[in-house]
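The values are calculated or read from the model by the stated rules, or taken from the named source; none is laboratory data. Bear in mind that the values here come from a model prediction, so they are computed numbers and not experimental data. Ideal geometry is used to build each Cβ from the backbone, glycine not excepted, and the neighbour counts take in all protein chains shown. Calculation scope for accessible area: heavy atoms of the full protein, side chains included, ligands and nucleic acids excluded. Shrake-Rupley method; radii C 1.70, N 1.55, O 1.52, S 1.80 Å.
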Amino acid sequence: MKRKFSTLLLTIFFVISFSITAFAANADLPTIKGKSAIVMDAKTGEIIYAKDIDASPMYPASTTKLLTALLLAENKKPTDLLKYTENAANQPEYTLRTLVGKNNLRVGDTMTAEDAMKALLLFSANDIAYMIADNLAESPADFANMMNDKIKSLGLKHTHFVTPNGLDNGIDDHYTSAYDLAIITREAYKNSWVSKVMGTKKDKVEISNGAIAYIENRNKLLGQKIDTAFADKVGIDLEQVPASNAVSIGGKTGYTAKSGRTLTNVFEKDGRVLIGVVMKSVYDANDTYVFNDMAKIINWAYAAKKTPLYKANTELKTISIKYKPLKFLGPEKEIKVPVILKEDATYYENEANKSEIKTDFQISKDIKVSKLSTDKSIGKLVLKERNFTTTYDLYPTISSKAVIKNNILLYIGAGVGVVAVILLILIFIRLISTSRRRRRNRRIF
């Protein structure tokens, strides 16, 4: 009976263990509604989380306005005045003109570039995007060229913009990808003016005729901390991934029928800034899915650990070095030197990095056997990801002392030979000296 009970307990233990292991594996990556998503380190550009990041065309909707804002910041000062234009007045909702009333914002009225930036990023005003375009370029088409020139300068391969506000009705060639949008967000965040405005919750916009509009940021995550209560509310499995306590410090929302719900966000925790993008998520009745998607992937990314691609003290390759044990004399020999790292070479293991990471061994061309030391680097291991490169020192596992030890018999033989030669020379000299003395003695007698 006891044996049967023990067997039952053992069976239950293994079943539970297997279930927990399987559950952990299945729960590793967060489940989201978005069709494409990414989390990127703002400082290094490393891709931490990836889900179809190059899927294109993906439609950015109003997240387009981040690039419009960046071009405004690069071409105007906050105090510069911008004029409201006919193209701006013809834009559909959401518009600043509708918010303040058509009679309070007419063609020819002006506002500062600072207020235009606020209306663009907080209220997501479609008309203000066109006002900015008309004030920076001769026409919306010329502004589109400015946008695409900027896109090209950023090295983006899956992006082409047509409109400054992202409206895409009847337009097929206004598109991007999650990766490209993350790069645009990163560049926008690096600009102090854009970063400050997209991190503002509420503000007001003043028009030259005296009208004032009070606006509020549409990014529901702005200022939100992903703490335990919030994580539990949005369905983050806290047993698998603890709450990060990261705080949203900026971002931009977007939606059209073609794009679905789109969101880009910037989070910060202990000085570490991560950028998240979710594209083509669901626009539900309470407008929660895309924000929940973002919270899940950002929380997961802050907990993510790098995976060793190459482990420390593991032989990575062997190099051949030719040398002469006796330096100037004797035959040339060849020694095989295993090369290792003294630290793990790591990367974030995701679908993008796994398929793209490249390894480059850069070994010094002038390695002298006499200088070999297990504590002295003889080259670099370079890991190249899409937008990030890291290097590690490579070390030999053989030192010059080991080479000497391997050739000890040769050195002893050479030493004996040298001593023998010296003795022969000394004997020869002595014989000559003795011979000369004998000759002198004969002459005397």
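Brief remarks follow.
- Any chance V247 is touching an Asp or Glu at 6+ places or on another chain (Cβ under 7 Å) and surrounded by 24 or more Cβ atoms within 10 Å (Cβ to Cβ): no
- Among the residues of the range 366-389, those identified as loosely packed, with under 12 Cβ neighbours inside 10 Å and more than 18 Å from L316 (Cβ to Cβ) are D366, K368, S370, K371.
- Any hit, the range 178-193, residues being over 19 Å from the mean Cα position of the chain (by Cα), surrounded by fewer than 24 Cβ atoms within 10 Å (Cβ to Cβ) and either modelled with pLDDT of 95 or more or not assigned by the TED database to the domain that holds L222 (or both): yes
Quick grid of which residues meet (1) of a type outside the set (S, T, Y); (2) farther than 22 Å from T176 by Cβ; (3) in contact with a helix residue (DSSP H, G or I) (Cβ under 6 Å, 6 or more places away or on another chain):
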residue: R272; (1), (2), (3): yes, yes, no
residue: G276; (1), (2), (3): yes, no, yes
residue: D293; (1), (2), (3): yes, no, no
residue: P331; (1), (2), (3): yes, yes, no
residue: V339; (1), (2), (3): yes, yes, no
residue: T359; (1), (2), (3): no, yes, no
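- Matching residues in the range 106-117 - criterion: being out of contact with any Ser or Thr (no Cβ under 8 Å at 6 or more places or on another chain) and more than 10 Å from M131 (Cβ to Cβ): R106, G108, D115, M117
- Where V197 falls short, out of the listed (1) open to solvent by 10 Å² or more (accessible area, probe 1.4 Å); (2) assigned to a helix (DSSP H, G or I); (3) not acidic (D, E): (1)
- I444 falls short on exactly one of the conditions (1) in the same structural domain as K336 (by the TED database); (2) among the β-branched types (V, I, T); (3) modelled with pLDDT under 70, and that condition is (1).
- Filter result for K258 (within 30 Å of G108 (Cα to Cα), surrounded by fewer than 21 Cβ atoms within 10 Å (Cβ to Cβ) and not small (G, A, S)): no
- When the range 60-95 is filtered for residues that are among the hydroxyl-bearing types (S, T, Y) and open to solvent by 40 Å² or more (accessible area, probe 1.4 Å), the ones remaining, listed by number, are T79, Y94.
- Considering the range 254-293, and only residues there that are part of a loop (DSSP other than H, G, I, E, B) and among the small types (G, A, S), the residue that is farthest from A125 (Cα to Cα) turns out to be G271.
- Residue within the range 297-307 that is touching a helix residue (DSSP H, G or I) at 6+ places or on another chain (Cβ under 9 Å) and not hydroxyl-bearing (S, T, Y) present: yes
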